[in-house]
1. Tell me whether segment 1-69 comes out rounded, prolate or oblate; compute the Cα gyration tensor, take square roots of the eigenvalues as a ≥ b ≥ c, and use a/c under 1.5 as the rounded threshold.
2. Given bins 10 angstrom wide, list per bin the percent of all Cα-Cα distances in the chain, short to long.
3. By per-residue mean of other Cβ atoms within 10 Å, what is the highest-first order of 224-235, 202-213?
4. So if I place +1 on the C-beta of Lys and Arg and -1 on the C-beta of Asp and Glu, and nothing else carries charge, what would the dipole magnitude of the chain be about its Cα centre? I want it in debye, nearest 20.
5. Quick check on the chain: helices-only [θ] at 222 nm, where DSSP H runs of length 4 and up contribute -39,500 (n - 2.57) each and the sum goes over total residues. Nearest 500, please.
6. In terms of the Cα gyration tensor, with a ≥ b ≥ c the square roots of its eigenvalues, is segment 167-262 rounded because a/c is under 1.5, prolate because a/b exceeds b/c, or oblate?
7. Quick one: grab the alpha carbon gyration tensor of segment 202-356, order the square roots of its eigenvalues as a ≥ b ≥ c, and give me rounded if a/c is under 1.5, else prolate or oblate depending on whether a/b is larger than b/c.
8. Nearest 5 is fine: what % of DSSP beta bridges in the chain come out antiparallel, could you say?
Amino acid sequence: MVVKMVFRWFGEHNDTVTLEQIRQIPGVEGIVWALHDVPVGEVWSQERIHEIQATADRYGLHTHVVESVNIHEDIKLGLPSRDQYIANYKQTIIHLAEIGVQVICYNFMPIFDWLRTDLHRPASDGSTSLFYEKSKIEHIDPLELVAQINANSALTMPGWEPERLAHLTELFKAYEGFTEDHLWSNLQYFLDEIIPVAEANGIQMAIHPDDPPWSIFGLPRIIRSQDNIRRFLNMYNSPAHGITLCSGSLGANPDNDIVAMVHEFADRIPFTHLRNVKVEENGDFAETSHRTQDGTVNLTGIVQAYHEEGFTGYCRPDHGRHIWNEECRPGYGLYDRALGIMYLWGLWDSFQYKRT
């Protein structure tokens, strides 16, 4: 009994980390990938998908997990045009199944995917990491924040697609008066269309929690707590309908008991993200090393819960710090994520040794 360790990779010429490096990390068997240059809403072509598979195959790495096939904003808004974008999404699922993809991680967050106010917040040891300053979010203009994020890296920033954010003003106007109930309803419509296709093609759809797990700029967010995840999973009774349980996203709210979530939802978690954050009393939080003592997320307890549940799904170390002068995509360097994997393996092996 063992988890399947994977590593996120953004593609050739779009990542400072190479597949040669990834395959040397102990226990890593596959990449978590996506076609980041394909505009949201368009069909992923068979040719491009097979190119990724062929590249990974050369290094002995599988392509079972995709993160993510992003959802067009018209689907979240429930516009008449959503049906064409949903049809495109179904076709992409079929194409991905042809190469043996097992899991598609996606999210249903309006406009913004993840959100931080600083991509390189210095720590006392000289490392830097992603940082969220609560008071800054409460007073900053979203347009100003987008400019800051996109100015920090020449590499693509997942969830911050320039072609979409170029229309930020229009998007905010479209969401005026939009409530959580509207979002739940539009999510149900999407699931009713997508899940049967995923199930027929042997793929598990795994929604990612909101990051951070609360409303941003007045936009509704609904995948943010144990109660909400339970409601989400009850929306569709299918093995193809699950969650990507992310300890860092959910852990930004100290009220979230992630150990309890693992135990309750274990059979609906095909994919998990494991990372640590340190939450301050004022609501600010910084991403830390994976080591339990360095943050406020009980990673030791979470890994133990997965072990107790006999979890054999896919797992990746989520965001890491930027250490040893590495120049990389914010949160996605090689060194700290590789260290994180070895910490996670150490925890897992300690529980495995106790059992045997």
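Read-outs: derived from the displayed coordinates by stated rules, not from any lab. Please read all numbers here as calculations on a predicted model, not as lab measurements. Reconstructed Cβ throughout: ideal geometry from the backbone, glycine too, with neighbour counts over all protein chains shown.
1. Cα axes put segment 1-69 in the prolate bin.
2. The percentages, shortest bin first, are 5, 25, 37, 27, 6, 0.
3. So the peptides 224-235, 202-213, ranked by packing, come out 202-213, 224-235.
4. 720
5. -11000 deg cm²/dmol
6. Numbers: a/c = 2.09, a/b = 1.14, b/c = 1.83.
In terms of gyration-tensor shape, oblate.
7. oblate
8. Antiparallel: roughly 25 percent of the beta bridges in the chain.
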